[in-house]
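Worksheet: one structure, shown below.
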Amino acid sequence: MRPEPPENAGPVREAHRFDEARLDAWLASHVDGYTGALQVRQFDSGQSNPTYWLADRERAYALRKKPPGKLLKSAHMVEREYRVMRALRDTLVPTVQMVALCEDETIIGTPFFVMEFIQGRIFWNVQLPELEPDERRAIYRELVRVLAAIHAVDLDATGLSDYGRPDAYVARQIKRWTQQYLASQTSDIAPMARLIDWLPANIPGDEATTLVHGDFRLDNLIFHPSEPRALAVIDWELSTLGHPLCDLAYACMLYDLVLPRIGGLAGVDFAATGIPEEEEFIAQYCQLTSRQAVADFTYYKAFSLFRLAAIAQGVYKRSIDGNASSTEAEMAGAAVPVLAGMACKLVGIEQA
């Protein structure tokens, strides 16, 4: 039976069109069992690397590529995404099966990879309004379990020991996102300037290195259609070797805020909703990872908010340039000063 596109995949947006005939020919020569009659749709989510639903006569796939236009250095590394997901196929981290990687820009304009298409649930609103309290609790417990599994990956066994530098992760990340922010800056934002000065001067001395996802949040997991079980972790663009508490702090940011579209957990009645409080979330993570305590967590949260603000600034700049991969990209511009202001408040930086 010919696959039908999912509801969240529509016509390819004008700025992201490519030569479908060339892609069809490439798939025919690089994908075992490809049966032709290519269908292409674009998913309506995704702020960074545009993602497409593909199908031949019998099977559905997903394609992820770099966005068109001039890109910031080291951004949108779909080649790294392909490598890490392929490496994780035999681990406890739920992972999409990789199909093929194409680094030839002449096929559809940028490098891309093709993976299996997984039919499941993506929870865009972190308050999970469509679920019952016990279901919400189970989903969050699975979220923590998957994060712990990522940080437990054996780097030597998976061939990922050279996936990034094993030292000074936070310092390098601050430098990277400062550069990315300044390269995409469209106005002066005082809280961002203060963070750029304060963060590198106050890095905690603790050093730890694991695989880190880099963008670990609820909507980057695909869940089973009816069970509280993750089928795949997606969007590995920012993954590398780094400090695991950066991933944990990033996942916990939503306890402090509410964002457009995905919501947040600030002000939630945890007892009534079944969603675990932040302390319980962290305690479960520590139990699963045999970590005794989480030190300097406000610093890691402030860093995570700063990085998210820098990412949002890049999304907004691409929306101005006309090649952002989401129709909601312009909303990101308004989020930058809010996120930076929250980070300053967390660590007591004077903003006046």
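The numbers here are math on the coordinates, done by the rules we state, and not lab data. Since we're looking at a predicted model, the values are computed, not measured. Positions of Cβ are generated from backbone atoms using ideal geometry, with glycine treated the same way; all protein chains shown enter the neighbour counts.
Across the range 177-193, coupling constants 3J(HN,Hα) worked out from phi with the 6.51/-1.76/1.60 Karplus curve, θ = phi - 60°, read 6, 5, 5, 5, 5, 5, 5, 10, 5, 10, 7, 7, 10, 4, x, 5, 4 Hz, and Gly and Pro carry x. When every Cα-Cα distance of the range 183-302 is counted in 5 angstrom steps from zero, the calculated P(r) takes the values 2, 8, 14, 19, 23, 18, 9, 5, 2, 0 percent. Peptides 232-240, 333-341, 129-137 ranked from most to least packed, by the mean per-residue count of other Cβ atoms within 10 Å: 232-240, 333-341, 129-137.
Based on C-alpha pairs under 8 angstrom that are at least 6 apart in sequence, the range 9-116 has a relative contact order of 24 percent.
Across the chain, the mean sequence separation of Cα contacts (distance under 8 Å, 6 or more residues apart), normalised by length, yields a relative contact order of 19 percent. In this structure the amide hydrogen of Leu259, modeled in the peptide plane, comes within under 5 Å of the amide hydrogens of Gly264, none closer than 5 places in sequence on its chain.
Residue order for Tyr285, Tyr61, fewest other beta carbons within 10 angstrom first, comes to Tyr61, Tyr285. Across all Cα pairs in the range 1-127, the calculated P(r) in 5 Å bins from zero up to the longest distance comes to 2, 10, 20, 24, 22, 15, 6, 2, 0 percent per bin. Over the chain, dividing the summed -39,500 (n - 2.57) contributions of all DSSP H runs of at least 4 residues by the number of residues returns a 222 nm mean residue ellipticity of -12000 deg cm²/dmol.
Of the peptides 11-19, 295-303, how do they stack up when ordered by the mean number of other Cβ atoms within 10 Å, highest first?
295-303, 11-19
Annotation: Cα Rg of the range 129-212 relative to the compact-globule expectation 2.2 N^0.38 Å equals 1.54.
Rounded to the nearest 20 debye, the dipole magnitude of the chain is 660 debye, with +1 charges on Lys and Arg beta carbons, -1 on Asp and Glu beta carbons, and the Cα centre as origin. Taking Pro260, Pro50, Pro111 as the candidate residues, the one with maximal mean-square fluctuation in a Gaussian network model of the chain, Cα springs under 10 Å, is Pro260.
Spacing of the modelled spin labels on Asp256 and Val294, each 7 Å from Cα toward Cβ, amounts to 1.2 nm. Placing R0 at 25 angstrom, the Cβ-Cβ distance between Ser29 and Arg89 gives a FRET efficiency of 0.60 after rounding to 0.05.
Here the translational diffusion coefficient of the range 133-347 follows from Stokes-Einstein with Rh set to the Kirkwood radius across Cα pairs; for 10 °C and 1.306 mPa s it amounts to 88 µm²/s. Working note: Karplus 6.51/-1.76/1.60 with θ = phi - 60° gives the range 289-295 the couplings 9, 6, 8, 6, 7, 10, 9 Hz, where Gly and Pro are set to x. The spacing between the range 189-225 and the range 78-112, judged by their C-alpha centroids, is 23 Å.
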